[in-house]
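**Student:** Once you've had a glance at the structure underneath, I'll fire off some questions.
The values are calculated or read from the model by the stated rules, or taken from the named source; none is laboratory data. Just so you know, these numbers come straight off a predicted model, no measurement behind them. Using ideal geometry, Cβ is built from the backbone for each residue, glycine included, and neighbour counts are taken over all protein chains shown. Just so you know, the surface numbers come from the protein's heavy atoms only, side chains and all, with ligands and any DNA or RNA stripped out. Shrake-Rupley method; radii C 1.70, N 1.55, O 1.52, S 1.80 Å.
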Amino acid sequence: MDESDESAACNPRKRARTEGKPVAAVRLPCQARDEGLACFTRDDLDDLDFTWTIIDDRVVALDAFMPSHPGGSLIQRAAGLDASDLFHAHHASPAAAAVLEKIVVGFLKPSRPKEHRWRAELNKRMERLMKTPDTPLSEAVAVTMLGLFALWAYFVYVQGYFWLNVLTGWFWWRHLDAGLHSAVHGDFKWSPRCQKWLLTAYAVLCHHMLDHYGGNQSGLSQHFEHHLHTNDFRNDPDWTVFAVGRNWIRRHGCNPWQPYNAWQVFYWLPVRCVLEPVTEIFTMLATCMNGAAQVLEPPASWEKLVARVRDVASWWTEVLLSPGYQGAAFLFQPAWTAASALLLSRVLAKFVLIPFAEVQHFLMPDEGCKDEEFVVRQLSTTANLRLNNPVTRLLDFLMFHGDSFQVEHHLWPAMSFVHLQEASQVLQQACRELDLPYHEIGYWEAHRKVWQQVKEHAEQPILMEELRYLAKTEAGVPRRAAELRKAEAVHGELKDRDDAFRAAARTLGPVLTSRDLAAVTLKRAEEQASQPLRSLGSRVP
């Protein structure tokens, strides 16, 4: 039996086409469970006329189950993907596994189920904490904090309490972002009506992050992609800021080194704390102005006009009320006073929140770990922010544990923030018993680690290390494309060394050409003796 015959045998619909029978008349495995499940190849899945996902190499039909899914429309984000890790992260109960068995319609061939040894054990210990809280504690915290924010905004924007603004603006900036994050992940589940109201409130006050967290119905949001490929710099979209393009601050070996990176130990803090917030403010203003102009364009329909006006109104509401932009302050205070308070508040916020924003990136390896189980990879590459002071722990709780319990949040994204602290204790005990890694980093230690990363990656990479990295498939198409564009500017200076670079390219891997290698910085290439290249070239047939 050749490959096409085997493929047809695995797929009932493809077999029907081969035999000349009507495709609609073929009963899928879900219609004949007692007759056994069918096997599918990856190509077969493209021919299926129903919405499917893959969980542990089993093909699952989603159409009939979508309307009754307890998580609502979130299940749509698993369509057409291997959602194994996503399923195990959100479903720890035997009831979920039982429901899954009812909608499995087949399996992939050859079937190579992933091992979820640690996931099953940890899910068993976390089953109680994955349930909806018995009391509306998270809703009470959110509603109370929104009321306190309104009071804070009155004193800061209307009454002009300058230092209250500067010293506490960072807290409210982080709270609103964490509130939207929690709402999108399905927190505040005690009351569906309250959840919808809180999601709307946080979406308006932190509107610039709505697409990042929520995305749209046509595909995964960047944040949900992050949870599918957490801390995998090849696929995690949160890592594109580190891994692709020319960054002012180089933080990882996958990012191309530029000559100005040698000075980043001096300018990284001003760039992070001053230049970035100023740029964000002007970008937001430009976005609001463009949105207002789009409202004046002729709409295709009344519904689209209403949606456009609602979106623009949300942008302007955030600009007026958000502690990150404080537009309302300019209506009640002198412009210079309002601008000074805004800038100082944003500068302090950037500095104070560095550990919160960066803690998950400290343990990122320079090379990926494809073969490890998802749980082990997360425990190895993610760290929690350790807060020992009771005041800081309270403030962190009121910010919905935005980043202090990253390990638990990455492993169980649907867990309510009110359970994260207890989950951390359970997980630490489990890691000790099972000999699994678990990392925590102190607040000031986090600042020091950021500095160490900036300092370490400011140094120009050694030539051969750079060549070997480019030769790996992990370098990725975006990286090689960027290097190729850069090579066009310096290629002429390397004409005399083309033969040596081609020899190195053939030795290191077929993905490289002399133009790729020309992207490597010339100064260090000249500093390196020609011996390494000659020795490589001597081994090339």
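**Student:** State yes or no: is residue 291 under 24 Å from residue 210 (Cβ atoms), within 25 Å of the chain's Cα centre (by Cα) and not acidic (Asp, Glu)?
**Tutor:** Values: under 24 Å from residue 210 (Cβ atoms): yes; within 25 Å of the chain's Cα centre (by Cα): no; not acidic (Asp, Glu): yes.
Judged against the criteria, residue 291 is not a match.
**Student:** Let me ask you something else. Mind checking which residues of the stretch 106-157 are in a helix (DSSP H, G or I) and modelled with pLDDT under 85?
**Tutor:** The initial filter retains those residues of the stretch 106-157 that are in a helix (DSSP H, G or I), namely 117-126, 137-157.
The answer is 117, 118, 119, 120.
**Student:** Do we find that residue 64 is surrounded by fewer than 19 Cβ atoms within 10 Å (Cβ to Cβ), part of a helix (DSSP H, G or I), of a type outside the set (Ser, Thr, Tyr) and modelled with pLDDT of 75 or more in this structure?
**Tutor:** Working: surrounded by fewer than 19 Cβ atoms within 10 Å (Cβ to Cβ): yes; part of a helix (DSSP H, G or I): no; of a type outside the set (Ser, Thr, Tyr): yes; modelled with pLDDT of 75 or more: yes.
Considered against the rule, which asks whether it is surrounded by fewer than 19 Cβ atoms within 10 Å (Cβ to Cβ), part of a helix (DSSP H, G or I), of a type outside the set (Ser, Thr, Tyr) and modelled with pLDDT of 75 or more, residue 64 comes out as no.
For every residue, the table says whether it meets (1) closer than 20 Å to residue 398 by Cβ; (2) in contact (Cβ under 8 Å) with a residue 40 or more places away in the chain; (3) open to solvent by less than 20 Å² (accessible area, probe 1.4 Å).
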site: 181; (1), (2), (3): yes, yes, no
site: 200; (1), (2), (3): no, no, no
site: 206; (1), (2), (3): yes, yes, yes
site: 214; (1), (2), (3): no, no, yes
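**Student:** Quick one: residue 73 ticks every box in (1) at pLDDT below 80; (2) surrounded by fewer than 18 Cβ atoms within 10 Å (Cβ to Cβ); (3) not in a helix (DSSP H, G or I) except a single one, so which number is it?
**Tutor:** If we test residue 73 against (1) at pLDDT below 80; (2) surrounded by fewer than 18 Cβ atoms within 10 Å (Cβ to Cβ); (3) not in a helix (DSSP H, G or I), just (3) comes out false.
**Student:** Still on this structure, I have one more. If I ask for residues that are modelled with pLDDT under 80, small (Gly, Ala, Ser) and closer than 15 Å to residue 409 by Cβ, which ones from the stretch 352-392 would you list?
**Tutor:** Taking the stretch 352-392 as the starting set, the residues that turn out to be modelled with pLDDT under 80 are 357-373.
Now narrow it down to the ones that are small (Gly, Ala, Ser): 357, 368.
Listed by number, the list holds a single entry, 357.
**Student:** For the stretch 188-303, please list each of the helices (runs of 4 or more DSSP H) lying entirely inside it that holds at least 2 residues being modelled with pLDDT under 85 and within 30 Å of residue 338 (Cα to Cα). Explain how you work it out, then say what you get.
**Tutor:** Details: elements: 192-205, 210-214, 222-228, 240-243, 264-270, 276-295.
Those helices (runs of 4 or more DSSP H) span 210-214, 276-295.
**Student:** Check residue 422 against each of (1) over 30 Å from residue 191 (Cβ atoms); (2) modelled with pLDDT of 90 or more; (3) more than 21 Å from the chain's Cα centre (by Cα) and name the one condition it does not meet.
**Tutor:** The single condition residue 422 does not satisfy is (1).
**Student:** Restricting to the stretch 130-176, name every residue that is open to solvent by 20 Å² or more (accessible area, probe 1.4 Å), among the charged types (D, E, K, R) and either under 28 Å from the mean Cα position of the chain (by Cα) or closer than 23 Å to residue 210 by Cβ (or both).
**Tutor:** Result: 131, 174.
**Student:** If you check 417, 400, which single one turns out to be at pLDDT below 85, in contact with a helix residue (DSSP H, G or I) (Cβ under 8 Å, 6 or more places away or on another chain) and either closer than 28 Å to residue 180 by Cβ or open to solvent by 50 Å² or more (accessible area, probe 1.4 Å) (or both)?
**Tutor:** 400
**Student:** Another question, if that's okay. Scan the stretch 123-148 for residues that are in contact (Cβ under 8 Å) with a residue 40 or more places away in the chain and more than 18 Å from residue 422 (Cβ to Cβ) and report the count.
**Tutor:** The number of residues fulfilling the criteria is 5.
**Student:** What are the pairs with Cβ atoms under 7 angstrom where one residue, in the stretch 254-283, is touching a residue at least 60 places away in the same chain (Cβ under 8 Å) and within 16 Å of residue 459 (Cβ to Cβ) and the other, located anywhere, is of a type in the set (Lys, Arg) and loosely packed, with under 13 Cβ neighbours inside 10 Å? Sequence gap at least six, or different chains.
**Tutor:** 265/455
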